[in-house]
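Heads up, the thing below is written out as structure tokens.
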Amino acid sequence: MKRLKTILTIFVLATLPALAQEDLKIGELFGNDYIKKHKATEVMVQGKELKPYDLTLFRSVTFDNGKTLSEKIEKWIETDSRNAYDKEVGRINGKLYYGFFCLPPHKGKNRYLFYRNAALQSDSKDPSLSVVYMEGHATLEQLKTMFK
């Protein structure tokens, strides 16, 4: 019985980070076959390391060659950002180059989404594409200060 409880607890704890993006299309990027199939780098941080930043979850995925996925991921970002209450975007030739979106709070936590497609710069030798999802009690002003 103890073993069953332990296994169930591990399962529940392993699925909690995935639930953070449960209502977002970009949730499909994290912790699944996209990472393996497209040789991407995924980072997930939660817990004590984020406390000084007033965040509870930080997830990012970076594709070394985002050119092949950029159209699909850009559509997901556009879908997820429709309800953003604050946004800052930059476009190159009509395509989303970067976007920072303040999403509606979920379960009492602020949520932020960042997107950058470096391959769109004409002189870029970096064809990477990055998506970052953050949640916690940090305000937009705090995040801007941290990332300056």
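The values are calculated or read from the model by the stated rules, or taken from the named source; none is laboratory data. All values derive from a computational prediction rather than experimental measurement. FYI the Cβ positions are ideal-geometry reconstructions off the backbone, even for glycines, and counts take in every protein chain you see. Accessible surface is based on the protein model in full, side chains and every heavy atom, while ligands, DNA and RNA are left aside. Shrake-Rupley method; radii C 1.70, N 1.55, O 1.52, S 1.80 Å.
For the reader, a short list of remarks on this structure follows.
- What a 1.4 Å probe finds exposed on segment 34-121 is 50% carbon and sulfur by accessible area, rounded to a whole percent.
- For a label point 7 Å along the Cα-to-beta-carbon line of residue 109, residues of segment 58-86 with backbone N under 12 Å: 58-59
- Simple Cβ-charge dipole of segment 76-148, Lys/Arg +1 and Asp/Glu -1, about Cα centre, in debye nearest 20: 80
- Distance-filtered residues of segment 53-74 - backbone nitrogen under 19 Å, label point 7 angstrom along residue 43 Cα→Cβ: 53-66
- Nonlocal amide H pairs with residue 84, under 5 Å, H built at 1.01 Å: none
- Most to least packed among 51-57, 132-138 [average Cβ atoms within 10 Å]: 132-138, 51-57
- The phi-based Karplus calculation (6.51 cos²θ - 1.76 cosθ + 1.60; θ = phi - 60°) puts the 3J(HN,Hα) values of segment 77-91 at 5, 4, 5, 5, 8, 4, 9, 4, 8, 8, 8, 9, 10, x, 10 Hz, whole numbers, x for Gly and Pro.
- Two-decimal ratio, segment 22-148, of alpha-carbon radius of gyration to 2.2 N^0.38 Å: 1.03
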